[in-house]
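To keep things clear, I will list the structure first and then write my remarks on it.
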Amino acid sequence: MISVDEALSRIFRQIRPPEAESIPLVRAHRRVLARPLAATHNQPPFDASAMDGYAVRADEARPGRPLKLAGTSQAGARFVGMMEHGQCVRIFTGAPLPIGADAVIIQENASAAGNQISFAQPVSPGANIRRHGMDFLRGQELLPAGVALTPAMLNLAASANHAAVTVTKRPRLTILATGDELVPPGTPPGPDQIVASNSFGLVPLLSQYCETVTDLGIVPDDRSKLEAALLGAFDDKADIVVTTGGASVGDRDYVREVLLDLGVKLDFWKLKMRPGKPLMFGTRGNTLIFGLPGNPVSAMVTATVVLRPALRQLTGHTDPFWPTLGVPLAADLPPGGERRHFIRGKLRRNDIGLLEAVPISETDSSHSSSLAQADVLIVQPEDSPGLRIDDIVDV
């Protein structure tokens, strides 16, 4: 058995730098920038009003001294010409500041009598003005390579006048489940059968990092059928192949043998982690192969701890291990063994409003309902002497 850290290190060594492609901005949500995004212009492109009100010269806008209304400046239709001394201009949010003006008085502090505008209080130069380039300047790096584009980032990219962005290419993934005991959801199980569930958790967990996910369904514990399914995935040029089940040491656990027969170079087979000890990783050409355990919790935890970071590395994320938090523990944990334990837990706020992690006592690797209740996996290190309430733990 090897450690989780050693396993991830070995996997990362097999991952090539991602290729890049240009895609329209409207399809770029969650995609990873392959190169920095720079501004193509200044924003705002001119001095603009931040409020509805009146553009003035600050030293002329005094209580009891009305100014003559010279015109209007609105978004998309600026005041043409120069504002003369003794004048003001009606202005709306986002409109260009007239030449000659150096401040904006909000409309709540102004009153009109015909074309004479009076002000209730003085104003300082620069008040309520968005200066030219205050958001960003032409050529300025706005986003670094390696970030996954959020809605706010897409908004920024559009503001910087990018209709398309250069992002990393995503892999094509194929997944299959093995086991004579499995039947699809909606099928009445026989006396010795169970309902297959792994793919219904794994596909949405992994698909955000993939261009396509092909689910081959259930493959029986039959060497020839398993070999045919895997060959089909390899022939289809899948970048990643994920199997669930058949990875242990039973007489009908054929996945390891069949992978070796098909020319897969297995890098490791067992990990010092709980749940999820029987995890395989290997390569066949440029294809990465992950053999996950069959128990539902083990499959989901190994995918979260090992496979998701691999996919994030493969797609160029700056931090392949995000998201992690350090939070206080809400209850004691007993000593652990030689394997790193990923304990199901819930987040709650304590008496002073801070987040803390509450361990869920159930640790069985087939207990799906406890995993569904969990918000986090609490990481208990290898050979832990035990953890105490209020200890800071990684989740």
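The values are calculated or read from the model by the stated rules, or taken from the named source; none is laboratory data. Remember, it's a predicted structure, so these values are computed and weren't measured experimentally. Here Cβ is always computed from backbone atoms with ideal geometry, including for glycine, and neighbour counts include all displayed protein chains. For the accessible areas, the whole protein counts, side chains as well, though only heavy atoms, and no ligand, DNA or RNA atoms are used. Shrake-Rupley method; radii C 1.70, N 1.55, O 1.52, S 1.80 Å.
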**Q.** Single residue of the stretch 86-145 satisfying the filter (of a type in the set (Gly, Ala, Ser) and closer than 30 Å to THR318 by Cβ) that is least open to solvent (accessible area, probe 1.4 Å)
**A.** GLY133
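Hey, could you check the stretch 46-78 for residues that are within 39 Å of the chain's Cα centre (by Cα) and aliphatic (A, V, I, L, M) and say which is least open to solvent (accessible area, probe 1.4 Å)?
Step by step, filter the stretch 46-78, then rank; the result is ALA48.
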(Q) Exactly one of these conditions fails for LEU173: (1) open to solvent by 70 Å² or more (accessible area, probe 1.4 Å); (2) closer than 30 Å to ASN295 by Cβ. Give me its number. (A) (1)
Q.
Suppose we keep only residues that are assigned to a loop (DSSP other than H, G, I, E, B) and of a type outside the set (Val, Ile, Thr) within the stretch 79-88. Which one would you say is nearest to the chain's Cα centre (by Cα)?
A. PHE79
Q) Out of curiosity, is GLU356 surrounded by 18 or more Cβ atoms within 10 Å (Cβ to Cβ) and charged (D, E, K, R)? A) yes
**Q.** Selection within the stretch 20-50 - in contact (Cβ under 8 Å) with a residue 40 or more places away in the chain and out of contact with any strand residue (DSSP E or B) (no Cβ under 7 Å at 6 or more places or on another chain)
**A.** HIS29, THR40, HIS41, ASN42, PRO45
Q: Look at the stretch 321-339 and say how many of its residues are more than 21 Å from ALA372 (Cα to Cα), in contact (Cβ under 8 Å) with a residue 60 or more places away in the chain and either touching a helix residue (DSSP H, G or I) at 6+ places or on another chain (Cβ under 7 Å) or surrounded by 19 or more Cβ atoms within 10 Å (Cβ to Cβ) (or both).
A: 1
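Answer yes if at least one residue in the stretch 111-123 is within 20 Å of ASP47 (Cα to Cα) and more than 40 Å from the chain's Cα centre (by Cα), and no otherwise.
Within the stretch 111-123, one or more residues are within 20 Å of ASP47 (Cα to Cα) and more than 40 Å from the chain's Cα centre (by Cα).
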Q: Within the stretch 373-395, track down each residue that is open to solvent by 30 Å² or more (accessible area, probe 1.4 Å), more than 25 Å from the chain's Cα centre (by Cα) and either under 17 Å from THR302 (Cα atoms) or hydroxyl-bearing (Ser, Thr, Tyr) (or both).
A: PRO381, GLU382
Q) Picking from GLY336, GLY345, GLY353, which residue would you name as being at pLDDT below 95 and in contact with a strand residue (DSSP E or B) (Cβ under 9 Å, 6 or more places away or on another chain)? A) GLY336
**Q.** Among the candidates ALA238, ALA247, residue that is open to solvent by less than 40 Å² (accessible area, probe 1.4 Å) and either at pLDDT 95 or above or more than 19 Å from LEU202 (Cα to Cα) (or both)
**A.** ALA238
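Kindly indicate whether SER370 is modelled with pLDDT of 95 or more and either surrounded by 15 or more Cβ atoms within 10 Å (Cβ to Cβ) or more than 30 Å from THR166 (Cα to Cα) (or both).
Judged against the criteria, SER370 is a match.
Yes or no, residue by residue, for (1) farther than 30 Å from ALA160 by Cα; (2) touching a Leu at 6+ places or on another chain (Cβ under 7 Å):
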residue: SER49; (1), (2): no, yes
residue: ARG62; (1), (2): yes, no
residue: PHE79; (1), (2): no, no
residue: GLY86; (1), (2): yes, yes
residue: GLY94; (1), (2): no, no
residue: ILE106; (1), (2): no, no
residue: SER111; (1), (2): yes, no
residue: ASN115; (1), (2): yes, yes
residue: ASN128; (1), (2): no, no
Q: Have a look at PRO151, PRO125, PRO188 and point out the one that is of a type outside the set (D, E, K, R) and at pLDDT below 95.
A: PRO188
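Confirm whether ALA77 is touching an Asp or Glu at 6+ places or on another chain (Cβ under 8 Å) and under 29 Å from MET134 (Cβ atoms).
The answer is no for ALA77.
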